[in-house]
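The structure appears below as structure tokens.
The values are calculated or read from the model by the stated rules, or taken from the named source; none is laboratory data. Just so we're clear, the structure is a prediction, and the values are computed from it rather than from any experiment. Cβ atoms come from the backbone with ideal geometry, glycine included; neighbour counts cover every protein chain shown. Areas reflect the complete protein model, heavy atoms only, side chains present, ligands, DNA and RNA absent. Shrake-Rupley method; radii C 1.70, N 1.55, O 1.52, S 1.80 Å.
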Amino acid sequence: MRFIENNKVFKLDSKDTSYIIAIVDEEQFVGHVYFGKKIVDENVNYLLRIDESPYVPSKNNRDRVSFYDSFPMEYSTHGIGDFRESSLQVRDSKGHTACKLQYVSHEIFKGKKKLQGLPGTFGDENECTTLEITCLDKDLNLEVVLVYTTFENLDVITRSVRVKNCAKDSITLTKVLSTCIDFDGVNYDMVSLHGSWARERHISRKKIGYGRQAVSSIRGESSHQDNPFIALLDNNATDESGNVYGFNFVYSGNFFTQIEGCQFDTTRVVMGINPEDFEWVLQEGEEFIAPEVVMVYSNKGIGKMTRTFHDLYRNNLIRGEFKDKKRPILINNWEATYFDFNTEKLLSIAKEASKLGIEMLVMDDGWFGKRNSDNSSLGDWIVNEEKIQGGLKNLVDEVNKLGMEFGIWFEPEMISPNSDLFRAHPDWCIHIEGREPALCREQYVLDLSRKEVVDYIYESVKKVLSSANITYVKWDMNRQLTDLGSIALSPERQGELFHRYMLAVYEMMDRLTTDFPHILLENCSGGGARFDPGMLYYSPQIWCSDDTDAIERLKIQEGTAMVYPLSTIGAHVSDCPNHTVGRTTPFETRGHVALAGTFGYELDVTRIPEEDRDMIPTQIEMYHKYNDLIRRGDYYRIENFSENHGFDAWTVVSKDKNEVLVTCVQVLGRPNYHSRRIKLKGLVEDKMYKIEESDEIISGGALMYAGINVSLYGDYSSKIIYLTAV
Ligand code: GLA
């Protein structure tokens, strides 16, 4: 990364990517020159087209607006003539909204600063370099710092923004996005991860033309419906070829991202906090920090983008003791018992599970207050000793005696109207005074913008965690935010509530992971409504979906794995008929699919068919054999069953290319056909690989270009194929 003085160019290079920014001399505008495959040139300012009509304002001041409306500004602002999507919008003390940024100074340094109070990627001085460009709106005296970090060995550039009020009067920020890039051309496709509860992150690809196509959340969570990820790609890009630009927002609340095909055949991409229901007041000297966007460039299709995200997140986002550790195989009692359990029932599950090799019992929702269904007690984090007879410590000790660890479920951000906490503090929930807040799953959301609420809840969770040998926490969040209002905020600050809420959630997670560094934290949000990089900063794994059906999971896990590493994807084997879709799949297939995630069980092991139970030790053996490879390896999509009439396959290849695990699932059997042929990916052409099952030895080239035959019989059948280099 360097500044080339005579061209006024910033050249940000990473492994195979260049990102180029230039300052336009006359008026010190910061322009975007190029983002894509690495180039050596430094004199590429011609790409800005400032020698073409409508010309820079110094040459043609009568058409200043036309200039603003066509110039590729690094960070677009509202109200001066750029009518494409703005990135920054304000309301000053007189009610005006225009803003114009000009370059003031810059700084380049090794490493990367932490974004205060926010999750973010990290890297040391050998891994990354940071550029901070300081701009100013002279009339508002508003300073805006554009922050860029390049990761030298990965095709990754991150961006964030700091906005500081240097004026005497306060100013209200009404929109602060984190990234803005103008691409040349309009022939792009967009990939996003769309869904709903129980069918999160299905891959959606569409052609982008002129006009605006947005993906967003205004639910107070990153959401089941849309993930804070989009990719912009060449129309003809495939999994292996073409230019792909991935954008992922390191934030777990409301987001907005948009691709806009513009009049002069350029395409603008923006991403950041959703401006809807967002305002932030800055007093003199105060600063606002916008969360980080991770931008990944791939010149070799979607697959390379995926693997870059995986590497970055495994090494430079996830923290803590479990970052690169094999996770204990757990059994969770949710689908086994729902709310109907007690010490005896849990211990009978644990006893059987321990015999089979399962390593941890997780007690899910229903152990506290008077919670026997989802209509009460959130906020009353006191063990219900009518169910947990003998107390929590006794239960945990008994589970420990079986050689198993113990984990527990919380939903710390919520309050039930039917709870002692609500009866004592009816104003502790997010609400608008005088208006009855809407219920969702019969619960309200705590007003975490209030320190006393955060402290009370955190301390009550901490008390439970300190009372016994608990080594895992499932942190759930089961409703969306509505009726936004806080009695602790002044009228002009009500628009801060959504973001203040997120900052408080992050602060609580920070306290939890600091006070209990040995606890494995798994995030969850009604299944996978907060599967985002913000959460991964605190928890190395996230429950992917409440839908545990092996076939539904193919779509959910494939979409999730487009961005997030397999090591982060919470996946369990559950009982059949599946509780969400009523489908019955072979126990073996359920195991193969769950292996492509954290792996665990979610069933009553004392009540499942004997032949299923008998399979558990073999599945556990497979987990121990393959998990290092699955957690650390490179992931390749091979076949997608919605595209090819019923067959799905993926593979994980070790970094040294010596170990390969292929998983195949036949969703629907076909009569009167030969076996299916699949072509592997990511191997070394002239290495020889041995297929474990058959002892056949085949070259990497043959496996990749000619392929192997896979025979499966029956609907929902599956197999794994393990190969090692010889
Ligand atoms: C959410 C979670 C489930 C389970 C229930 C408990 O739906 O996603 O796994 O914990 O809450 O109420």
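F122: touching a helix residue (DSSP H, G or I) at 6+ places or on another chain (Cβ under 8 Å), open to solvent by 10 Å² or more (accessible area, probe 1.4 Å) and more than 29 Å from C262 (Cα to Cα), yes or no?
Values: touching a helix residue (DSSP H, G or I) at 6+ places or on another chain (Cβ under 8 Å): yes; open to solvent by 10 Å² or more (accessible area, probe 1.4 Å): yes; more than 29 Å from C262 (Cα to Cα): yes.
Yes, satisfied.
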- Residues within the stretch 457-469 that are within 24 Å of F531 (Cα to Cα) and assigned to a loop (DSSP other than H, G, I, E, B), tallied: 0
- Task: Taking only the stretch 350-375 into account, find how many residues are more than 16 Å from the ligand (Cβ to nearest atom) and either open to solvent by less than 10 Å² (accessible area, probe 1.4 Å) or closer than 25 Å to Y444 by Cβ (or both).
- Result: 3
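Tell me, yes or no, whether the stretch 496-505 has at least one residue that is in contact with a strand residue (DSSP E or B) (Cβ under 6 Å, 6 or more places away or on another chain) and open to solvent by 10 Å² or more (accessible area, probe 1.4 Å).
Pass one, the stretch 496-505, residues in contact with a strand residue (DSSP E or B) (Cβ under 6 Å, 6 or more places away or on another chain): 496.
After this cut, where a residue has to be open to solvent by 10 Å² or more (accessible area, probe 1.4 Å) as well, the list is none.
Scanning the stretch 496-505 turns up no residue that is in contact with a strand residue (DSSP E or B) (Cβ under 6 Å, 6 or more places away or on another chain) and open to solvent by 10 Å² or more (accessible area, probe 1.4 Å).
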- Residue by residue through the stretch 564-590, note down the ones that are in a loop (DSSP other than H, G, I, E, B), open to solvent by 10 Å² or more (accessible area, probe 1.4 Å) and away from the ligand (no atom under 14 Å from the Cβ). D575, C576, P577, V581, G582, R583, T584, P586
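Taking the condition away from the ligand (no atom under 14 Å from the Cβ) and under 18 Å from the mean Cα position of the chain (by Cα), does A561 pass?
Values: away from the ligand (no atom under 14 Å from the Cβ): yes; under 18 Å from the mean Cα position of the chain (by Cα): yes.
Taking the combined requirement at face value, the residue satisfies it.
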- Give the stretch 667-680 a look and list any residue that's open to solvent by 40 Å² or more (accessible area, probe 1.4 Å), touching a residue at least 40 places away in the same chain (Cβ under 8 Å) and within 25 Å of G633 (Cα to Cα), or say none. K679
- List the number of the failed condition for T618; all other conditions in (1) farther than 15 Å from I329 by Cβ; (2) outside any loop (DSSP other than H, G, I, E, B); (3) free of Cβ contacts under 8 Å to residues at least 60 places away in the same chain hold. (1)
- Item | Residue among R423, R441, R450 that is without any contact (Cβ under 8 Å) to a residue 40 or more places away in the chain, open to solvent by 20 Å² or more (accessible area, probe 1.4 Å) and within 27 Å of the chain's Cα centre (by Cα) | R450
- Among (1) of a type outside the set (D, E); (2) open to solvent by 30 Å² or more (accessible area, probe 1.4 Å); (3) under 20 Å from N640 (Cβ atoms), which single condition is L703 missing? (2)
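Within the stretch 327-346, is there a residue that is away from the ligand (no atom under 16 Å from the Cβ), within 20 Å of the chain's Cα centre (by Cα) and either closer than 30 Å to T150 by Cβ or not acidic (D, E) (or both)?
yes
Tell me, yes or no, whether the stretch 250-257 has at least one residue that is hydrophobic (A, V, I, L, M, F, W, C) and part of a strand (DSSP E or B). Let's see the steps before the verdict.
First, pick out the residues of the stretch 250-257 that are hydrophobic (A, V, I, L, M, F, W, C): 250, 255-256.
Next cut, part of a strand (DSSP E or B) only: 255-256.
The answer is yes; a qualifying residue exists.
Applying the selection to the stretch 270-299, what residues are among the β-branched types (V, I, T) and in contact with a Leu (Cβ under 6 Å, 6 or more places away or on another chain)?
Here is the first cut: in the stretch 270-299, the residues among the β-branched types (V, I, T) are 270, 273, 281, 289, 293-294, 296.
V270, I289, listed by residue number.
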- Query: Taking the stretch 542-558 only, how many residues are of a type outside the set (G, A, S) and away from the ligand (no atom under 16 Å from the Cβ)?
  - Reply: 4
- In the stretch 624-672, which residue that is β-branched (V, I, T) and not in a strand (DSSP E or B) is nearest to M562 (Cα to Cα)? I630
- Tabulated pairs, the stretch 326-339, first under 17 Å from G591 (Cβ atoms) and among the polar types (S, T, N, Q), second within 12 Å of the ligand (Cβ to nearest atom) and open to solvent by less than 10 Å² (accessible area, probe 1.4 Å), C-beta under 6 angstrom, 6+ apart or interchain: N332/V362; N332/D364; N332/E602
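Residue by residue, here is whether (1) within 16 Å of the ligand (Cβ to nearest atom); (2) at positive phi; (3) of a type outside the set (D, E, K, R) holds:
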| position | (1), (2), (3) |
| --- | --- |
| L595 | no, no, yes |
| L603 | yes, no, yes |
| D612 | no, no, no |
| Y626 | no, no, yes |
| R631 | no, no, no |
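Need a quick list: strands (runs of 3 or more DSSP E) entirely within the stretch 151-203 having at least 1 residues that are open to solvent by 20 Å² or more (accessible area, probe 1.4 Å) and within 19 Å of A214 (Cα to Cα). Working first, answer last.
Details: elements: 156-165, 171-184, 188-194.
Answer list for the stretch 151-203: 171-184, 188-194.
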- So is A231 open to solvent by less than 30 Å² (accessible area, probe 1.4 Å), in a strand (DSSP E or B) and outside the structural domain of A550 (by TED's automatic domain parsing) or not? yes
- Note on the structure: Those residues of the stretch 511-539 that are part of a loop (DSSP other than H, G, I, E, B), touching a helix residue (DSSP H, G or I) at 6+ places or on another chain (Cβ under 8 Å) and either within 16 Å of the ligand (Cβ to nearest atom) or open to solvent by less than 10 Å² (accessible area, probe 1.4 Å) (or both) come to a total of 2
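What is the residue count in the stretch 306-318 for residues that are open to solvent by 20 Å² or more (accessible area, probe 1.4 Å) and either within 16 Å of the ligand (Cβ to nearest atom) or out of contact with any helix residue (DSSP H, G or I) (no Cβ under 8 Å at 6 or more places or on another chain) (or both)? Walk me through it before giving the result.
Applying the first criterion (open to solvent by 20 Å² or more (accessible area, probe 1.4 Å)) to the stretch 306-318 yields 307, 311, 314-315.
Subset that is either within 16 Å of the ligand (Cβ to nearest atom) or out of contact with any helix residue (DSSP H, G or I) (no Cβ under 8 Å at 6 or more places or on another chain) (or both): 307, 311, 315.
Residues in the stretch 306-318 being open to solvent by 20 Å² or more (accessible area, probe 1.4 Å) and either within 16 Å of the ligand (Cβ to nearest atom) or out of contact with any helix residue (DSSP H, G or I) (no Cβ under 8 Å at 6 or more places or on another chain) (or both): 3 in total.
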